[in-house]
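The structure appears below as structure tokens.
The values are calculated or read from the model by the stated rules, or taken from the named source; none is laboratory data. None of the values given here were measured: they were computed from a predicted structure. For neighbour counting, all protein chains shown are included, and Cβ atoms are generated from backbone atoms with ideal geometry for every residue, glycine included.
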Amino acid sequence: MIISASYKTDIPAFYGPWFMRRLRAGYCKMVNPYGRQVYTVPLTPDAVDGFVFWTKNIGPFLKYLPEVQHLGYPFLVQHTITGYPRELESRVLEASQTVASLRGVAEAYGPSVAIWRYDPIMITSLTPPDWHRRNFATLARSLWGVTDEVVVSFAQIYKKTRRNLEQSARASGFSWSEHEAMQPEARRALIVDLAGIAAEYGMQLTICSQKSLHIPGVTQEARCVDAARLERVSGKTLLSKIKLKGNREECGCFASRDIGEYDTCPHGCVYCYAVLHRDLALSRYKAHDPDGEFLFPPPASTETPVPLIPLKQIGR
């Protein structure tokens with residue numbers, strides 16, 4: 001089983017102490033975001049084939065990675081670095097600092113462990129297509145030799161995303177456009193240019209969950225949860241037992257179990273699909289218990305345990 005930690009929130013940036021306590025305990029609990037069932041997820045080396053850490057700031061987690069490796073867990077780091085203006089990412093660390101941290105990952109564990117995400121591509125009056133071309137080139141140059149892959153996609157605008165964007169646009173005085181408002185030819189032209197820049201700096205540009213943007217010979221389909229890459233990193237045989245099973249339509253990922261919780265990331269990105277309200281995420285972050293079994297627990301009245309593997313089988 002591959003553990004995703006987490007596309008619902010930024011565990012490395014904000015919840016590292018909780019993650020390490022759960023890793024040492026051998027399990028954690030998580031809540032199904034739809035049915036609200038509670039699951040016990042084993043985190044022992046015999047149960048976990050590898051971790052995929054999703055983050056915008058691996059810095060606070062760097063001190064824990066040696067222990068993760070020592071305990072026998074292979075891992076990948078999916079690291080988002082966009083360098084967007086504060087109007088779009090109010091609490092995200094400056095790109096120069098996160099680039100340095102990701103370079104540290106590559107130097108310590110190899111460039112195959114580090115994957116850069118320039119995701120999502122937001123088209124706004126602050127970040128028009130030509131801005132992305134310039135910004136992407138600057139970031140790619142700074143990440144030369146750090147990674148061999150950059151993952152991109154255009155922002156998916158959900159109802160909650162639209163509301164947050166509209167509120168921020170009114171408050172900060174910018175305008176924005178859903179990616180559907182760009183003509184398909186313009187989107188593909190931008191992708192071609194970004195792919196060319198990526199290749200110049202030794203990276204393959206991959207497309208996350210948007211197959212219409214895939215250009216044969218130029219881009220590849222992203223597998224953000226990538227059993228093949230984990231197999232190369234770890235030397236373990238994974239592809240024969242872990243199947244392709246995306247988390248949404250057009251997703252190219254391998255099967256995984258995510259242990260995060262929505263509405264808990266305080267980065268303040270106005271385009272985020274995982275946060276209903278930024279104030280809610282910040283309040284949940286402040287209420288987080290690093291000693292708890294859950295990253296953020298459900299109301300006691302709704303807890304119906306559904307263990308994936310009985311705790312007696314994982315030494316608890």
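Observations
- Thr138 being at pLDDT 95 or above, more than 26 Å from Met182 (Cβ to Cβ) and of a type outside the set (Asp, Glu): no
- Check on Arg91, modelled with pLDDT under 95, of a type outside the set (A, V, I, L, M) and closer than 30 Å to Thr124 by Cα: yes
- In this structure, Arg133 does satisfy being in contact with a helix residue (DSSP H, G or I) (Cβ under 9 Å, 6 or more places away or on another chain) and of a type in the set (Lys, Arg).
- Meeting the requirement of 1 or more residues that are more than 24 Å from Gly145 (Cα to Cα), the helices (runs of 4 or more DSSP H) wholly within the range 1-115 are 11-14, 16-25, 65-70.
- Of the residues making up the range 218-255, those that are of a type in the set (Asp, Glu) and closer than 22 Å to Gln69 by Cα number 2.
- Residue match in the range 191-206 (condition: of a type in the set (A, V, I, L, M, F, W, C) and under 22 Å from Ala5 (Cβ atoms)): no
- Tallying residues that are modelled with pLDDT of 90 or more, outside any loop (DSSP other than H, G, I, E, B) and either surrounded by 21 or more Cβ atoms within 10 Å (Cβ to Cβ) or touching a helix residue (DSSP H, G or I) at 6+ places or on another chain (Cβ under 7 Å) (or both) within the range 259-296 yields 3.
- Count of the range 202-235 residues, restricted to those that are in contact (Cβ under 8 Å) with a residue 24 or more places away in the chain, under 27 Å from Ser142 (Cβ atoms) and not hydrophobic (A, V, I, L, M, F, W, C), is 11.
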